[in-house]
Amino acid sequence: MSTLKFAVLAGDYIGPEVMTEALRVLEHVARQENLTLSYTKADVGGAGIDNHGKALPDSTLKLCEQSDAILFGSVGGPKWENLPPKEQPERAALLPLRKHFTLFANIRPGLLYRELTDASPLKTDRIPEGIDIVCIRELTGGLYFGQPKQTTTLPDGDVQAVDTMVYRKSEIERITATAITAARARKKRLCSIDKANVLETSVLWRKTVTEFVAKHAADIELSHMYVDNAAMQLARNPNQFDVFVTENMFGDILSDEMAVICGSLGMLSSASLGAGQNSLGLPFGLYEPAGGTAPDIAGKGVANPCAQILSVALMLRFSFGLEKTAVRIEAAVKKAVTGGTRTSDIAFGGKAVGTKAMADAVIRELG
Ligand code: IPM
Ligand code: MG
């Protein structure tokens with residue numbers, strides 16, 4: 001009987017609502033499969049600011065350090081919008097967590113079921129079978145963290161700000177290794193996205209990815225694409241990609257584009273895996289839905305819990321090695337949704353259920 005020890009950081013607005021339902025699904029699975037859950041909840045984001053004076057309270061960080069994984073909700077919203085940028089929940093909670101645990105590999109599945117293609121802004125004849133691609137985003141390097149990063153007043157009185165885009169070969173190699181693993185589990189096709197016609201970091205990126213794949217993954221079909229073209233190709237024909245890998249900032253932008261073509265943010269999960277191992281010898285990771293806090297629908301019980309439930313599945317897969325259980329949960333979500341139980345974001349004006357009823361349907365499918 002395995003014990004699953006993880007931290008639950010639900011965050012703000014719909015964060016706790018969808019988290020409650022995702023945990024209910026997990027409790028159900030745990031009973032079925034004889035898994036022991038040992039999780040502890042802690043404040044993060046706006047809740048951290050309100051209750052402890054900062055977005056990532058020390059006690060929360062400590063809890064995460066003592067856990068094997070972090071199940072994250074979402075943070076931020078209008079209530080904290082007027083704080084200085086550096087203190088805002090998103091930036092002051094997520095970025096330090098990523099850095100502290102070296103969560104360098106961000107895995108974002110772009111999945112749209114065939115039955116839901118109407119939810120995509122793309123013409124459905126471009127995606128007759130839905131969408132099934134994976135974005136692997138480098139998460140602890142590049143412009144987000146490079147130094148110097150500052151604003152200064154120049155001798156002539158003008159003001160100048162600088163962010164630094166910096167990558168080490170070793171950082172590129174480790175994200176490439178993650179991408180190879182992901183590609184191997186799928187169609188063995190990997191597209192690396194960069195801006196090697198302009199950026200020095202991208203020249204190193206392309207060279208490193210090429211050499212690393214040649215040396216360690218001769219079975220993988222590797223291609224390269226410039227990021228501007230990739231943005232266009234994603235909108236034209238997303239399924240030409242299978243797994244793509246890219247640096248931090250490009251991945252931030254492309255993953256939002258991918259999310260919108262996949263119809264609803266309410267369906268997309270993500271995993272951020274660390275360089276470190278947890279007490280089980282598996283990757284420590286942070287698992288979160290892609291959707292954000294959705295303040296406009298918070299408190300109404302209508303948010304789609306599927307992305308949070310699918311994030312639980314990713315946590316079971318990567319940080320607890322429970323592949324079969326993860327697949328069961330993913331299949332149950334798919335069956336529930338394609339069977340017609342849908343929250344309003346994916347109901348296309350048809351009958352919509354609330355957060356709890358959606359989770360109930362998933363639980364029913366789990367048997
Ligand atoms: C994301 C978000 C974050 C990022 C923000 C909230 C700091 O947009 O996870 O994609 O830019 O990485
Ligand atoms: Mg983003």
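FYI, it's all coordinate maths here, none of it is from the lab. Source: prediction; values computed, not measured. Glycine also receives a Cβ, built like all others from the backbone with ideal geometry; neighbour counts cover every protein chain displayed.
Is there a quick way to get the dipole size of the range 1-81? I mean about its Cα centre, with the Cβ of Lys and Arg at +1 and of Asp and Glu at -1; what is the value in debye to the nearest 20?
The dipole of the range 1-81 has a size of about 140 debye.
Convex hull over the Cα atoms of the chain, averaged projected area in nm²?
Projected area, direction-averaged: 19.3 nm².
With an 8 Å cut-off on Cα pairs and a minimum separation of 6 or more residues, tell me the relative contact order of the range 109-257 in percent.
Worked out over the range 109-257, it gives 31 percent.
Only four residue types carry charge here, +1 at the Cβ of Lys and Arg and -1 at the Cβ of Asp and Glu. Report the dipole size of the chain about the Cα centre in Debye, rounded to the nearest 20. Let's see the in-between values first.
Numbers: 40 positive and 42 negative charges, 189 e Å.
Dipole of the chain, to the nearest 20 debye: 900 debye.
Per the Kirkwood treatment, what hydrodynamic radius in Å, one decimal, follows for the range 231-274 from the mean inverse distance over all distinct Cα pairs?
Radius from the Kirkwood sum: 11.4 Å.
So how do M225, M232 line up by other beta-carbon neighbours within 10 Å, fewest first?
On the way: M225 19, M232 13.
Arranged by neighbour count, lowest to highest, M225, M232 become M232, M225.
Treating only the Cβ atoms of Lys and Arg (+1) and Asp and Glu (-1) as charged, compute the dipole magnitude of the range 306-354 about its Cα centre; round to the nearest 20 debye.
Rounded to the nearest 20 debye, it is 160 debye.
Going by how many other Cβ atoms sit within 10 Å of their own, how do D360, D194 line up, fewest first?
Least crowded to most crowded, the residues run D360, D194.
Take the alpha-carbon centre of the range 93-151, take the same for the range 306-354, and report the distance between them in whole Å.
That distance is 18 Å.
How much mean residue ellipticity at 222 nm does the chain get from its helices, if each DSSP H run of length 4 or more adds -39500 (n - 2.57) and you divide by all residues, to the nearest 500 deg cm²/dmol?
Counting only the DSSP helices, I get -12000 deg cm²/dmol.
Using only C-alpha atoms and all pairs of different ones, pull out the Kirkwood radius for the range 1-128 in Å with one decimal.
About 16.6 Å for the range 1-128.
Mind sorting C262, C306 by how few other Cβ atoms lie within 10 Å of their own Cβ, fewest first?
With the sparsest Cβ surroundings first, the list reads C262, C306.
Express in nm, to one decimal, how much length is gained between D158 and V327 on full extension, taking 0.36 nm for each residue of separation and deducting their alpha carbon distance.
55.2 nm
Go from 0 up to the bin containing the longest alpha carbon distance in the range 210-367, width 5 Å each, and give me the % of pairs per bin.
Computed distribution, short to long bins: 2, 8, 14, 16, 17, 18, 13, 7, 3, 2, 0.
What does the charge count near V203 come to, summing +1 for each Lys or Arg and -1 for each Asp or Glu among other residues with Cβ under 10 Å from its Cβ?
Neighbour charge sum, excluding V203 itself: +1.
Quick one: Cα centre-to-centre distance for the range 1-29 and the range 196-220, in angstrom?
A separation of 38 Å, based on Cα centres.
With all pairs of different alpha carbon atoms counted, what Kirkwood hydrodynamic radius in Å does the range 121-261 show?
For the range 121-261, the Kirkwood estimate is 16.1 Å.
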